[in-house]
Every structure is written in structure tokens, then in C-alpha cells.
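Engineer: Right, I'll just put the structure down here and ask away after.
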Amino acid sequence: MNVLDFLAWLNPVAVPGAILILVGLWGILARPNLFKIAVAFCVLETGVNMLILSVGYIRGRTAPIFDDGARTAARMTDPVPQALVLTAIVIGLAVTALMLSYAVRLRTGGGASSIEAYGEEKW
């Protein structure tokens, strides 16, 4: 199997999703700034959503819209991953708003926006 056959075999939705997951994970682990961590978390979340969408992706299939009955059902993709991703986007928006509100509250409360400033805190 040569390189071109391997690239044609890969899922075109899963590969960028995996790359976004790795970039987001690196951003979460390597950046000390709370706002940059929130952005990296959004990138990671987008990658996970793309990976979930790639589960329902099948080459040559159409969108899950019924227009002429049973013939359409045989040609369409699975709509369940799309519904899960739509729900995950809404939940991700709420989690991102919560993370950013915590970061703003810590910053305006006289603290720093770096997680290294809170290393001595006891929970």
C-alpha cells in the first residue's frame, strides 16, 4: 500500500478531528494562562465533535433527509451522531461560558490569570 492509497483510505473528517484534539490537549497542558486554556479547551471540544461526526460518515451517502421513501433510507448516513454533536455544542457553549466567567472572576478579584499563581491553594 503506497502513501496515496493510505491517504485515500483515511476518513476525511476523523483526521482533522484527531489533529484538533492533539492541538487542544497540548494547549491545555502547555499554557499557564487561564484564557488560553479556555480557548484550547474549545479547540479540543471541536476535535471531539468532529471525531463523533466521523463515526456516522460513510462515503457516497447523502444527508439524512427523507424525500422518496425506502430508496433514500438506503443511501443516507446515520443521523444519531449529528444529534449528539448538536447537543454537545450546546453543552460546550455552557461549559466555555462557565470557564471564562471563572477566569474573569479570578482576574478581577485581584489575582492573576496564570494558574501558576494559584499553585499553593488548598481545596
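Engineer: What value, in deg cm²/dmol to 500, does the helix sum -39500 (n - 2.57) over DSSP H runs of n ≥ 4 give at 222 nm once divided by the residues of the chain? Intermediate values should be presented prior to the final figure.
Structural biologist: Working: 5 runs with 81 residues, N = 123.
Mean residue ellipticity, 222 nm, calculated: -22000 deg cm²/dmol.
Engineer: What are the membrane-span-like helices in the chain by this rule: whole DSSP H runs, Cα extent along the axis at least 20 Å, mean Kyte-Doolittle hydropathy at least 1.6? If you can, show how the numbers build up before the last one.
Structural biologist: Numbers: long enough: 14-30 (24 Å, 2.28); 34-55 (32 Å, 1.90); 80-108 (42 Å, 1.55).
Qualifying helices: 14-30, 34-55.
Engineer: Rank by packing, highest mean first: peptides 106-112, 19-25, 34-40, 92-98, with packing defined as the count of other Cβ atoms within 10 Å averaged across residues. If you can, show how the numbers build up before the last one.
Structural biologist: Values: 106-112: 11.3, 19-25: 16.4, 34-40: 18.3, 92-98: 13.0.
Top to bottom by mean Cβ count within 10 Å: 34-40, 19-25, 92-98, 106-112.
Engineer: How big is the equivalent ellipsoid of the stretch 52-123 along its three axes, where each semi-axis is √(5λ) from the Cα gyration tensor, reported in whole Å from largest to smallest?
Structural biologist: In descending order the semi-axes read 47, 12, 8 Å.
Engineer: Once you place label points 7 Å from the Cα toward the Cβ at T87 and E120, how far apart are they in nm?
Structural biologist: 4.5 nm
Engineer: So how much slack lies between L29 and T62, counting 0.36 nm per residue of separation and subtracting their Cα-Cα distance, in nm?
Structural biologist: Working: separation 33, 0.36 × 33 = 11.88 nm, distance 3.86 nm.
That pair, L29 and T62, stretches by 8.0 nm at full extension.
Engineer: Oh, and also: For the pair D78 and A94, how long in nm is the line joining their label points, each one 7 Å along Cα→Cβ?
Structural biologist: The modelled label-to-label distance comes out at 2.5 nm.
Engineer: On to the next question. Calculate, axis by axis, the spread of Cα positions in the chain along the three principal axes, and write the results as whole Å, longest axis first.
Structural biologist: 63, 39, 20
Engineer: If you stretched the chain out fully between L10 and R71, how much longer would it get, using 0.36 nm times the residue separation minus the C-alpha to C-alpha distance?
Structural biologist: Roughly 19.2 nm would be gained on extension.
Engineer: If you don't mind, another one. Amide H to amide H under 5 Å from M76: which residues, 5+ apart in sequence or cross-chain, H placed 1.01 Å off N in plane?
Structural biologist: Amide H neighbours of M76: T62.
Since every read-out is calculated from the coordinates, none of them should be taken as a lab result. This is a predicted model, so every value here is computed, not measured. Note: ideal-geometry Cβ built from the backbone for every residue, glycine included; neighbour counts use all protein chains shown.
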